[in-house]
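A quick write-up on the structure given underneath.
The values are calculated or read from the model by the stated rules, or taken from the named source; none is laboratory data. Just so you know, these numbers come straight off a predicted model, no measurement behind them. Using ideal geometry, Cβ is built from the backbone for each residue, glycine included, and neighbour counts are taken over all protein chains shown. Areas reflect the complete protein model, heavy atoms only, side chains present, ligands, DNA and RNA absent. Shrake-Rupley method; radii C 1.70, N 1.55, O 1.52, S 1.80 Å.
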Amino acid sequence: MKRDESIDLRAHSRREVPFVVELCLEAAARLGWNTEVLDPAFGYLWEVELPGGRRRAMVGAKTPINDAAAAQLALDKHYAGVVLRRAGFGVPAGVRALSPKHFADTRYAKDVGLDPALELARAKGFPLIVKPNRLSHGRFVRLVETEKELRRGIEAIWGLDRVALAQTVVDGRELRVDVLDGELLAAYERRPFTVVGDGERDVATLLRSIDSRFESFDPKTLAKRLGETREARSSGGGTGLAQRVPAQGEKVTLDEPILNLNRLCTAELLPQLPDRWRDFAVRAGQALGLRLAGVDLRVRSLAADPSEATVIEVNATPLLAQLAHMGHRELAVSGQARILEALLRS
């Protein structure tokens with residue numbers, strides 16, 4: 001079936017569809033499939049017509065490849081960890097801290113409030129990671145180094161999620177492996193940015209100059225993100241790092257405890273990922289019942305045995321848009337086309 005010529009990608013773009021949808025429309029056009037944006041005011045709701053006339057509605061880049069139960073399981077980080085541990089995978093040690101506002105039932109008393117996290121801190125020490133149980137893209141994930149930060153971090157999470165997680169910190173290289181039906185979509189290693197001073201521009205301006213993703217960040221948001229880096233923490237915290245002007249040739253590493261392409265990090269593609277790492281990621285996704293999965297790993301080395309790796313999270317709707325932002329648009333579009341083709345096997 002050929003793409004309807006009345007469906008013009010440039011027309012979609014003029015309606016300012018989100019970038020993730022733009023990539024999907026380009027992928028569908030490459031396959032020769034009809035598409036239509038059903039909500040032009042915002043651009044997130046769109047439809048694709050598959051060969052044979054079958055239509056599927058999409059929201060953003062979310063596709064109905066994984067069944068609802070598997071997607072729901074992956075969304076719940078605590079439950080996903082339980083299943084992965086049972087399947088033999090290493091996962092971070094951690095506890096749930098349930099919001100007292102939402103869990104008044106005495107059946108859950110031992111998990112309600114701050115006590116579970118405080119007990120973990122006493123047993124394992126600081127630093128710890130706190131994160132929402134269900135949110136994605138690194139939102140509200142924080143490294144905490146004191147009891148005060150632990151309390152604040154969990155209470156902030158309770159404003160958006162009924163369940164906060166506190167976990168031990170896992171060291172190692174940050175590896176992301178996206179897989180679909182047993183095959184590799186993309187693999188990359190997340191790394192912190194390093195900016196080099198010129199004696200004139202501040203850190204925020206230097207960061208924007210090397211990665212266009214941050215041009216849309218308002219000054220307060222970018223200053224806050226920079227204030228969460230290890231560099232800022234080592235100098236007393238706060239948001240002053242954004243306005244700091246490094247000397248000519250001075251290197252400033254913007255290393256965050258949580259590396260996520262929606263935050264302040266970059267990535268190096270790994271086109272020659274060893275098969276054993278691909279297979280490891282495929283098995284992790286399959287343990288949760290997923291065909292499409294983005295597996296976040298902490299690894300000592302790619303030369304190591306994958307059984308030594310720690311599975312941090314498994315995402316049921318991995319996005320390729322950030323790779324396109326970083327200059328790998330062809331990889332993002334071709335990967336998205338493969339995801340759309342998988343709908344024919346659904």
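Within the range 314-325, how many residues are buried (at least 22 other Cβ atoms within 10 Å of the Cβ) and assigned to a strand (DSSP E or B)? Of the residues in that region, 1 qualify.
Matching residues to (1) crowded, with 19+ Cβ neighbours inside 10 Å; (2) within 27 Å of the chain's Cα centre (by Cα); (3) farther than 19 Å from Val169 by Cα:
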{"position": "Arg30", "(1), (2), (3)": "no, yes, yes"}
{"position": "Thr63", "(1), (2), (3)": "yes, yes, yes"}
{"position": "Ala80", "(1), (2), (3)": "yes, yes, no"}
{"position": "Ala104", "(1), (2), (3)": "no, no, yes"}
{"position": "Ala123", "(1), (2), (3)": "no, no, no"}
{"position": "Ile129", "(1), (2), (3)": "yes, yes, no"}
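Would you be able to tell me the number of residues in the range 38-54 that are free of Cβ contacts under 8 Å to residues at least 40 places away in the same chain and in a strand (DSSP E or B)? Looking only at that region, the number is 3. Anything in the range 168-188 that is among the charged types (D, E, K, R), open to solvent by 10 Å² or more (accessible area, probe 1.4 Å) and at pLDDT 95 or above? List them, or say none. Passing the criteria: Arg176, Asp181, Glu183. Within the range 132-145, the set of residues being open to solvent by less than 60 Å² (accessible area, probe 1.4 Å) and free of Cβ contacts under 8 Å to residues at least 60 places away in the same chain comprises Pro132, Asn133, Leu135, Val144. Of all the numbered requirements in (1) farther than 24 Å from Glu330 by Cβ; (2) open to solvent by less than 30 Å² (accessible area, probe 1.4 Å); (3) of a type in the set (Asp, Glu), Asp296 misses one, and that requirement is (1).
For the range 32-44, the candidate set comprises residues that are crowded, with 17+ Cβ neighbours inside 10 Å and under 25 Å from the mean Cα position of the chain (by Cα); within that set, the residue that is farthest from Thr317 (Cα to Cα) is Gly43. Number of residues in the range 189-205 that are of a type in the set (Val, Ile, Thr) and either under 15 Å from Ala267 (Cα atoms) or open to solvent by less than 10 Å² (accessible area, probe 1.4 Å) (or both): the value is 3. The set of residues in the range 69-109 that are free of Cβ contacts under 8 Å to residues at least 40 places away in the same chain and among the polar types (S, T, N, Q) comprises Gln72, Thr106.
The residue list Asp39, Asp76 contains one member that is within 24 Å of Leu135 (Cβ to Cβ) and at pLDDT 95 or above, which is Asp76.
When the test is whether a residue is of a type in the set (D, E, K, R), out of contact with any strand residue (DSSP E or B) (no Cβ under 9 Å at 6 or more places or on another chain) and modelled with pLDDT of 95 or more, Arg208 does not pass it. Inside the range 156-167, can you point out the residues that are open to solvent by less than 10 Å² (accessible area, probe 1.4 Å) and in contact with a helix residue (DSSP H, G or I) (Cβ under 8 Å, 6 or more places away or on another chain)? Result: Ala164, Leu165, Ala166. Scanning the range 69-90 for residues that are in contact with a Gly (Cβ under 8 Å, 6 or more places away or on another chain) and aliphatic (A, V, I, L, M) turns up Ala69, Ala70, Leu73.
Scanning the range 226-245 turns up no residue that is among the hydrophobic types (A, V, I, L, M, F, W, C), open to solvent by 30 Å² or more (accessible area, probe 1.4 Å), at pLDDT below 90 and touching a strand residue (DSSP E or B) at 6+ places or on another chain (Cβ under 9 Å).
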